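All remarks here apply to the structure that follows.
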Amino acid sequence: MKVLVLSNVPSPYFVDFMNELGKFCDLTVVFEKKTSTIRDKSWLNFRFINFKGVILKGIPTGEANAFSPGVRKFLKKGMFDQIIVTNMCTPTGMYAVSILKRRKIPYMLQSEGGIAKDGKGWKERLKKHIMRGAAGYLSTTKLGAEYFLQYGATKDKLHKFIFPSLYDKEVLKEPVCMEEKRRLREELGISENKAIISVGQFIYRKGFDVLLKAAEGFPESVGFYFVGGEPTEEYLDLQRKLGLKNVHFIGFKNKESLLKYYRAADLFVLPTREDTWGLVINEAMAQGLPVITTTRCVAGTEFVQDGETGYLVPPDDVGALHDAMEKVIFDNALLEKMSENSLKKAQGYTFEKAAARHMEILNER
């Protein structure tokens, strides 16, 4: 089967996914841009091993988007058996969909987890025009399915796919024992009895200001570790204002070092105001961490079951976040149960299982 996938940039997890999918079909992936301007240099270390990867030349229109009209040469009748468009909301993706519609070439739309807006305004009307008429719609969650339905999909064309970030071998088989946690904490300089970790960039959408406020009132025996970016003066001022001596800003860490922080921690928290997925949820649960995140995190709505793998709280609700963390972090029996449940959930979301599910969908169509 000859398959074409259109995407915006070759992010590490997406390239790994395509390398796995390429083992089962003749796969071509066309990217509209080489990398995102807000990502570190590690995003440039991609390797197209099991598929033909093409990076178009175009006019940058955003952090990870571009208008690349060269995509049209891949959109000819009979050239591919299946076409999947993952970047339908970028200029290149919209251009591609318009060509496919005009040439009456069937295609599917794929979204890792869109969140529908109110439907008002010209942008919303344009989105409905672009999304209406696809042969199939691939979404990761019920929330994602509702997103497609609002913009023109029909229920009979919906397909659920798996959104991965790890290989089978990278998901722990059992929770990290306390002896190993203590060893890792000594190596990483974590001195507190309990450790809560959050991973991401210091941007408003991630809600780290909410987590800092929610950290107030916790004893100094509970450490809060922010990994993945450099805090701006705004966050440093908030830390000083609240007198949070148990808050630590770690900065960017490579994958190997980040795994150590996950395994050394007791709880993962992502207080995002909105995330169309949130791959750090996959990563944290694959290391046996309970997760507290918000109802606006699509990965959270898929992975987190209250009282079983963590808790979902409303975004911007400092009190709810504080209470959820307090409920989990001091209950060792609950931590143990949630850790085991997190691993069971994560084992179903690997590149191998995602590729197999994609081939099922492609064969169905």
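The values are calculated or read from the model by the stated rules, or taken from the named source; none is laboratory data. Predicted, not measured: the structure shown is a model, and the values here were computed from it. Counting neighbours? That spans all protein chains shown, and the Cβs are built from the backbone with ideal geometry, glycine included.
Check Leu172, Leu184 and return the single one that is over 17 Å from the mean Cα position of the chain (by Cα), in a helix (DSSP H, G or I) and among the aliphatic types (A, V, I, L, M).
Every option except Leu184 fails the conditions.
Right, Gly278: at pLDDT 95 or above, buried (at least 24 other Cβ atoms within 10 Å of the Cβ) and not acidic (Asp, Glu) or not? Don't jump to the end; show me each part of the working.
On the way: at pLDDT 95 or above: no; buried (at least 24 other Cβ atoms within 10 Å of the Cβ): yes; not acidic (Asp, Glu): yes.
Taking the combined requirement at face value, the residue does not satisfy it.
Closer than 19 Å to Phe226 by Cα, acidic (Asp, Glu), buried (at least 23 other Cβ atoms within 10 Å of the Cβ) and assigned by TED's automatic domain parsing to the domain that holds Leu172: does that describe Asp316? Write out each step before concluding.
On the way: closer than 19 Å to Phe226 by Cα: yes; acidic (Asp, Glu): yes; buried (at least 23 other Cβ atoms within 10 Å of the Cβ): no; assigned by TED's automatic domain parsing to the domain that holds Leu172: yes.
The answer is no for Asp316.
For segment 4-54, what are the residues that are in a loop (DSSP other than H, G, I, E, B) and of a type in the set (Val, Ile, Thr)?
So the first thing to find is which residues in segment 4-54 are in a loop (DSSP other than H, G, I, E, B), and the list is 8-11, 22-25, 32-40, 45-51.
Val9, Thr35, Thr37, Ile38, Ile49 - these are the residues of segment 4-54 that are in a loop (DSSP other than H, G, I, E, B) and of a type in the set (Val, Ile, Thr).
From the set of residues in segment 71-98 that are within 20 Å of Phe14 (Cβ to Cβ) and in a helix (DSSP H, G or I), which is farthest from the chain's Cα centre (by Cα)? Show your work before the answer.
So the first thing to find is which residues in segment 71-98 are within 20 Å of Phe14 (Cβ to Cβ), and the list is 71, 74, 80, 82-94, 96-97.
Subsequent filtering for residues that are in a helix (DSSP H, G or I) retains 71, 74, 91-94, 96-97.
On the way: Val71: 26, Phe74: 28, Pro91: 22, Thr92: 22, Gly93: 20, Met94: 22, Ala96: 24, Val97: 24 Å.
Filtering first and then ranking leaves Phe74.
If I filter segment 319-365 down to residues being surrounded by fewer than 17 Cβ atoms within 10 Å (Cβ to Cβ) and not in a helix (DSSP H, G or I), which single residue comes out as modelled with the lowest pLDDT?
So, considering only residues that are surrounded by fewer than 17 Cβ atoms within 10 Å (Cβ to Cβ) and not in a helix (DSSP H, G or I), the one modelled with the lowest pLDDT is Arg365.
If you take the residues of segment 35-65 that are under 20 Å from the mean Cα position of the chain (by Cα) and surrounded by 15 or more Cβ atoms within 10 Å (Cβ to Cβ), which of them is farthest from Ser257 (Cα to Cα)? Spell out how you get there, then give the answer.
To start, the set of residues in segment 35-65 that are under 20 Å from the mean Cα position of the chain (by Cα) comprises 35-46, 62-65.
Checking the rest, the ones that are also surrounded by 15 or more Cβ atoms within 10 Å (Cβ to Cβ) come to 35-36, 39, 43, 46, 64-65.
Details: Thr35: 23, Ser36: 23, Arg39: 18, Trp43: 17, Phe46: 19, Ala64: 26, Asn65: 30 Å.
It comes out as Asn65.
All but one of (1) among the hydrophobic types (A, V, I, L, M, F, W, C); (2) in a loop (DSSP other than H, G, I, E, B); (3) crowded, with 24+ Cβ neighbours inside 10 Å hold for Met285, so report the exception by its number.
Only one criterion in (1) among the hydrophobic types (A, V, I, L, M, F, W, C); (2) in a loop (DSSP other than H, G, I, E, B); (3) crowded, with 24+ Cβ neighbours inside 10 Å is unmet by Met285, namely (2).
In the list Val280, Val328, Val304, Val298, which residue meets the criterion of being touching a Phe, Trp or Tyr at 6+ places or on another chain (Cβ under 9 Å) and either closer than 19 Å to Phe202 by Cα or not assigned by TED's automatic domain parsing to the domain that holds Gly189 (or both)?
On the way: Val328 fails: either closer than 19 Å to Phe202 by Cα or not assigned by TED's automatic domain parsing to the domain that holds Gly189 (or both); Val304 fails: either closer than 19 Å to Phe202 by Cα or not assigned by TED's automatic domain parsing to the domain that holds Gly189 (or both); Val298 fails: either closer than 19 Å to Phe202 by Cα or not assigned by TED's automatic domain parsing to the domain that holds Gly189 (or both).
Only one candidate passes the filter, namely Val280.
Among what's in segment 217-268 and is of a type outside the set (A, V, I, L, M), in contact (Cβ under 8 Å) with a residue 60 or more places away in the chain and in a loop (DSSP other than H, G, I, E, B), pick the residue that is surrounded by the most Cβ atoms within 10 Å (Cβ to Cβ).
Filtering segment 217-268 for residues that are of a type outside the set (A, V, I, L, M), in contact (Cβ under 8 Å) with a residue 60 or more places away in the chain and in a loop (DSSP other than H, G, I, E, B), the one surrounded by the most Cβ atoms within 10 Å (Cβ to Cβ) comes out as Asp266.
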